[in-house]
Amino acid sequence: MTFPLNLGALIDANRNPDALALIDVGEGPHACRYTFGELNAMADDVAHSLSASYQRGDRVAVLAANSAQYIATVLGIMRAGLVAVPVNWKFPRALIADVIADSGARLVFCDSLRAPDVPPELQCVVFDQWQQSPLPENVVTFSAYTGLANSPVRKPFDPRVPVAGEAALILYTSGSTGRPKGVVLSHQSHLWVVATRLAGQPLSGERLLIAAPLFHMNALALTFLALAAHVETVLLPQFNARQYINAINEWHCTWLTSVPPMIAMMLQERQLLEQADLSSVRYVRMGSAPVSDALLGQIHSLLPNAKVINAYGTTEGGPVVFGPHPNGLPTPPRAVGVPHPLVDVRLVDESGAQASEGELELRSPGLMNGYHNRPDLPSPISPDGFYRTGDVFYRDADGFYTFVGRRDDMFVSGGENIFPSDVETMLERHVAIQQACVVPVDDPIKGTKPAAFIVLKPGSSLSADDVKAFALEHAPPYQHPRQVWFVDALPLAPTNKVDRATLKKLAAQWTAS
């Protein structure tokens, strides 16, 4: 296909506009269907309205759960030559205000549930039906703002042609380790991402399911991919295990993108899974955290017709990093593949030398421009153009890369380096353990020592001593958790990854009590 110059113009208006693009499940009793023509026209309406009031390069924030209007708004913002700023609505209100202020956004699109979180001095466009009457002075409905309320003659919008490196998006990191950083992404970088992914695996005939939040790279990049491929997407407002299972069953989804905690939560719904037909699923793209051997086996049992792709990507570096082996060698179960032929990759150890295990650094056309408004931060880009990811990998003799852990998650216990993912993978081999999260707690002798939060499989029982004994049998003694707590579920960060920061605080409190 021929790719546009503007990332907001991924929908080919001349390619079967009546084809189904989106099934927006929403919060109501009935899903809404949108054709590519309808979604494209809605994006044009947004672009027309914005271009009448704002200047090229102005930032526009989006604060809402997933919806068709959300997608059309992001596309419309970019078409108008403005910069879309999807905001994490799970942040506390004060942090939402800080992020919006940091971005310099002059307008906020939101849904009614998040409207109270919009700073009152900013104009606010509300997606869904607003129940309050009369409207607050700073609020206008989406239909009124775009002209849809008056059923106008809808005119196509000619997307602005970006200059080299022009910003299309600012995505803010989760902020779990400090103040959120705004990652500036250009039109060119993510058009390259879409084109490269489709060249590697065309999606013709697939029906994608997206439940991850659109303020996160995982969901947003997959949405762009589906629009460019002209395939159907089922969109949930947010992840809920029961809704996710029901969506696969009802809409016969073939392609899932997920993270391990989402699958683990699905596995807790045993009664619903017994009634659901999940045989339509052909691909599961797992990312954001390593998949243990135990969970991988459960995924294969749950989705017997699915190929599991253990993927890797970052907001700063994009989702195109690794791929299949050029000689057709099978990818080991926990590996993420070999470097993509269009991506330069190296592993750097603590001395700064290249090694078979170390911090991953990568260079590709998909890299970010930099961090917005953060002169206080050292650049994560090396002088020769490599992005320092902070993720530690191991490369085997065949060239396959396996994730070891986050450099900033690693802790030292009695002089031994401990990567939590190593201990978690070992613990999850136990037949009764569904999930494990390992965090450090202070120790007067060893400095820190490992502690574990455990989620058991339904119907299983286990004691803390059982967990410790299993760890001592299957791993070096320094890795075994000195404290073990059983929980019904692990808390999730807004991106559906395990919220380690919360568990570290909880472990410190429980250890001290």
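Within the stretch 316-333, the set of residues being touching a strand residue (DSSP E or B) at 6+ places or on another chain (Cβ under 8 Å) and surrounded by fewer than 17 Cβ atoms within 10 Å (Cβ to Cβ) comprises 324, 325, 326, 332, 333. Taking the criterion of being of a type in the set (A, V, I, L, M, F, W, C), touching a residue at least 60 places away in the same chain (Cβ under 8 Å) and part of a strand (DSSP E or B), the residues of the stretch 390-418 that qualify are 403, 418. Scoring residue 468 on the criteria (1) under 30 Å from residue 88 (Cα atoms); (2) outside any loop (DSSP other than H, G, I, E, B); (3) not aromatic (Phe, Trp, Tyr) leaves a single failure, condition (1).
Does the stretch 287-326 hold any residues that are charged (D, E, K, R) and over 25 Å from residue 198 (Cβ atoms), and which are they? Even if it seems obvious, please write down each step before you answer.
Of the stretch 287-326, the ones charged (D, E, K, R) are 293, 307, 316.
Of everything in the stretch 287-326, just one residue is charged (D, E, K, R) and over 25 Å from residue 198 (Cβ atoms), namely 293.
Go through the stretch 365-381 and report how many residues are in contact (Cβ under 8 Å) with a residue 60 or more places away in the chain and of a type in the set (Gly, Ala, Ser). Working first, answer last.
Within the stretch 365-381, the first condition is being in contact (Cβ under 8 Å) with a residue 60 or more places away in the chain, and the residues that meet it are 365-374, 377, 380.
After this cut, where a residue has to be of a type in the set (Gly, Ala, Ser) as well, the list is 366, 370.
Count: 2.
Report yes if some residue within the stretch 231-250 is in contact with a Phe, Trp or Tyr (Cβ under 7 Å, 6 or more places away or on another chain), more than 30 Å from residue 5 (Cβ to Cβ) and without any contact (Cβ under 8 Å) to a residue 40 or more places away in the chain; otherwise report no. No, there is no match, as no residue in the stretch 231-250 is in contact with a Phe, Trp or Tyr (Cβ under 7 Å, 6 or more places away or on another chain), more than 30 Å from residue 5 (Cβ to Cβ) and without any contact (Cβ under 8 Å) to a residue 40 or more places away in the chain. The set of residues in the stretch 410-449 that are under 23 Å from the mean Cα position of the chain (by Cα) and under 13 Å from residue 295 (Cα atoms) comprises 424, 425, 434, 435, 436.
Given the residues 346, 334, 363, which is the only one that is charged (D, E, K, R) and at pLDDT below 90?
Details: 346 fails: at pLDDT below 90; 363 fails: at pLDDT below 90.
It is 334.
Contact map, the stretch 489-513: first residue in the same structural domain as residue 437 (by TED's automatic domain parsing) and in a loop (DSSP other than H, G, I, E, B), second residue hydroxyl-bearing (Ser, Thr, Tyr) and buried (at least 18 other Cβ atoms within 10 Å of the Cβ), Cβ cut-off under 8 Å, separation 6 or more or different chains; pairs are 493/174; 494/174; 495/174; 495/288; 496/288; 497/288. Residue 89 meets the conditions (1) at pLDDT below 95; (2) crowded, with 17+ Cβ neighbours inside 10 Å; (3) under 19 Å from residue 146 (Cβ atoms) in every case but one. The failed one is (3).
Return yes or no: is residue 276 of a type in the set (Gly, Ala, Ser), outside the structural domain of residue 365 (by TED's automatic domain parsing) and in contact with a Leu (Cβ under 9 Å, 6 or more places away or on another chain)? Taking the combined requirement at face value, the residue does not satisfy it. When residue 431 is tested against (1) more than 27 Å from residue 197 (Cβ to Cβ); (2) of a type in the set (A, V, I, L, M); (3) surrounded by 17 or more Cβ atoms within 10 Å (Cβ to Cβ), just one condition goes unmet, and that condition is (3). For residue 95, are the conditions met, namely being exposed (fewer than 15 other Cβ atoms within 10 Å of the Cβ) and among the aliphatic types (A, V, I, L, M)? In short, no. Quick check: anything in the stretch 396-408 on the phi > 0 side of the Ramachandran plot and modelled with pLDDT of 85 or more? Yes: one or more hits. When the stretch 32-52 is filtered for residues that are touching a residue at least 24 places away in the same chain (Cβ under 8 Å) and among the aliphatic types (A, V, I, L, M), the ones remaining, listed by number, are 39, 41, 42, 43, 46, 47, 50.
Residue-wise test of (1) basic (Lys, Arg); (2) in a loop (DSSP other than H, G, I, E, B); (3) closer than 26 Å to residue 32 by Cα; (4) not assigned by TED's automatic domain parsing to the domain that holds residue 494.
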{"residue": "60", "(1), (2), (3), (4)": "no, no, yes, yes"}
{"residue": "66", "(1), (2), (3), (4)": "no, yes, yes, yes"}
{"residue": "85", "(1), (2), (3), (4)": "no, no, yes, yes"}
{"residue": "94", "(1), (2), (3), (4)": "no, no, no, yes"}
{"residue": "113", "(1), (2), (3), (4)": "no, yes, yes, yes"}
{"residue": "120", "(1), (2), (3), (4)": "no, yes, no, yes"}
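Pick from the stretch 470-482 the residues that are modelled with pLDDT of 90 or more and under 10 Å from residue 430 (Cβ atoms): which of them is farthest from the chain's Cα centre (by Cα)? Only one residue tops the list, namely 470.
Among the numbered conditions (1) modelled with pLDDT of 85 or more; (2) within 30 Å of residue 499 (Cα to Cα); (3) touching a Ser or Thr at 6+ places or on another chain (Cβ under 7 Å), the only one that residue 172 does not meet is (3). Condition check for residue 384 on (1) in the same structural domain as residue 323 (by TED's automatic domain parsing); (2) surrounded by fewer than 20 Cβ atoms within 10 Å (Cβ to Cβ); (3) touching a residue at least 60 places away in the same chain (Cβ under 8 Å): one failure, at (3).
Tell me, please, whether a residue that is small (Gly, Ala, Ser), surrounded by 15 or more Cβ atoms within 10 Å (Cβ to Cβ) and assigned to a helix (DSSP H, G or I) can be found in the stretch 472-481. Step through it out loud before you land on a result.
Just the residues of the stretch 472-481 that are small (Gly, Ala, Ser), to begin with: 475.
Now narrow it down to the ones that are surrounded by 15 or more Cβ atoms within 10 Å (Cβ to Cβ): 475.
In the following step, the residues that additionally are assigned to a helix (DSSP H, G or I) were identified as none.
No, every residue in the stretch 472-481 fails to be small (Gly, Ala, Ser), surrounded by 15 or more Cβ atoms within 10 Å (Cβ to Cβ) and assigned to a helix (DSSP H, G or I).
Can you find a residue that is crowded, with 22+ Cβ neighbours inside 10 Å, at pLDDT 90 or above and more than 17 Å from the chain's Cα centre (by Cα) anywhere in the stretch 205-226? No - not one qualifying residue is present in the stretch 205-226.
The values are calculated or read from the model by the stated rules, or taken from the named source; none is laboratory data. Every value quoted in this text rests on a predicted model; they were computed, and no experiment measured them. Ideal geometry is used to build each Cβ from the backbone, glycine not excepted, and the neighbour counts take in all protein chains shown.
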